[in-house]
């Protein structure tokens, strides 16, 4: 996370609120890529500056099941990324999981 703070414009403040959380079972490369993409998108959504907040905490399985019914009773690690950027339209929100979807112009 320090890398983001050092490479983002000085007009973007990066705050972290990291709790001690269990190890995350998954592909480290994919997790890194997802976090990088989310932070770069947040940066791009704040051309005039703003606040990027990255948080970790844990959630009990019964709380997770409210969002994901097939979740077990295990403890889950939650990663939350928020920013004060421009936000997304309803049309964009409906497509965020479409492969290769972007609103960026090349």
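Laboratory data are not the source of any read-out in this text; all were calculated from the coordinates shown. No experiment lies behind these values; they were computed from the predicted model shown.
Before moving on, here are some points about what is shown:
- Degrees between helix 28-44 axis and first principal axis of the chain (Cα, 0 to 90, nearest 10): 40
- This structure gives mean projected area of the Cα convex hull in nm², computed directly, and of (i) 6.6; (ii) 7.9; (iii) 8.2 that value is listed as (iii).
- Beta-bridge orientation, the range 2-95: approximately 55 percent antiparallel, per DSSP, counting only bridges with both partners inside.
- Prolate/oblate/rounded call for the range 33-72, Cα gyration tensor, a/c under 1.5 rounded: prolate
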